1. Please work out how much length the chain gains when fully extended from V16 to D50, using 0.36 nm per residue of separation minus the C-alpha to C-alpha distance, in nm with one decimal.
2. Rounded to the nearest 500, what is the 222 nm mean residue ellipticity of the chain from helices alone, with -39500 (n - 2.57) per DSSP H run of 4+ residues and division by all residues?
3. Specify whether the C-alpha gyration tensor of the stretch 42-87 places it in the rounded, prolate or oblate class, a ≥ b ≥ c being the square roots of the eigenvalues: rounded for a/c under 1.5, otherwise prolate if a/b is larger than b/c and oblate if not.
4. Among residues other than Q53 whose Cβ falls under 14 Å from its Cβ, what is the net charge (Lys/Arg +1, Asp/Glu -1)?
5. What is the antiparallel percent of DSSP beta bridges lying wholly in the stretch 18-109, to the nearest 5?
6. Can you classify the stretch 4-105 as rounded, prolate or oblate using the Cα gyration tensor, where a ≥ b ≥ c are the square roots of its eigenvalues, rounded means a/c under 1.5, and otherwise it's prolate if a/b beats b/c and oblate if not?
7. May I ask you to work out the translational diffusion coefficient for the stretch 18-66 at 4 °C, viscosity 1.567 mPa s, via Stokes-Einstein with Rh from the Kirkwood sum over Cα pairs, reported in whole µm²/s?
8. Which of the chymotrypsin sites (Phe, Trp or Tyr not before Pro) across the stretch 26-106 are loop residues per DSSP, with 13 or fewer other Cβ within 10 Å?
Amino acid sequence: MTLYRHVLLAPELPTVFAAARRDGKVVGVVQLVVDRGWAGVQCMATAPSDRRQGVADSVLNGLAIEAAERGIGRMYLAVMATNDAGTALYASAGFRATHDYCYFADQVN
């Protein structure tokens with residue numbers, strides 16, 4: 001986890017952190033990383049009690065506006081293929097699958 005903690009707490013690329021709030025409570029978070037003409041959406045999450053209420057859609061739209069204001073017209077993200085809600089959200093926003101990836105792990109006894 002140390003590697004991921006470093007990426008989140010001390011990114012080397014231009015980064016925007018955003019939080020969606022409802023009644024003063026954070027209900028959604030996301031990180032946007034800008035590199036070589038691309039804006040990457042990372043670590044997007046919505047509080048379980050606030051899912052299916054437009055939080056992620058609003059956050060994603062806000063990121064697109066932020067990217068455009070920085071002169072970035074291309075965005076990417078990664079989502080688990082089993083995340084039906086996420087893949088549906090991203091497809092409705094115009095994203096399409098371009099690559100598949102998988103994880104490898106050593107056998108643990």
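1. Numbers: separation 34, 0.36 × 34 = 12.24 nm, distance 2.22 nm.
Full extension from V16 to D50 adds 10.0 nm.
2. After summing the helix terms and dividing by residue count, I get -9000 deg cm²/dmol.
3. Details: a/c = 2.94, a/b = 1.55, b/c = 1.89.
Here the stretch 42-87 falls in the oblate category.
4. +2
5. Working: 12 of 16 bridges.
Just about 75 percent of them are antiparallel.
6. Rounded shape, in that the Cα axes give a/c under 1.5.
7. For these conditions, the coefficient is 116 µm²/s.
8. Here the sparse-neighbourhood loop sites are Y101, Y103, F104.
Values in this text are rule-based calculations from the coordinates and carry no lab data. Just so you know, these numbers come straight off a predicted model, no measurement behind them. Virtual Cβ from ideal backbone geometry, glycine too; neighbours counted across all protein chains shown.
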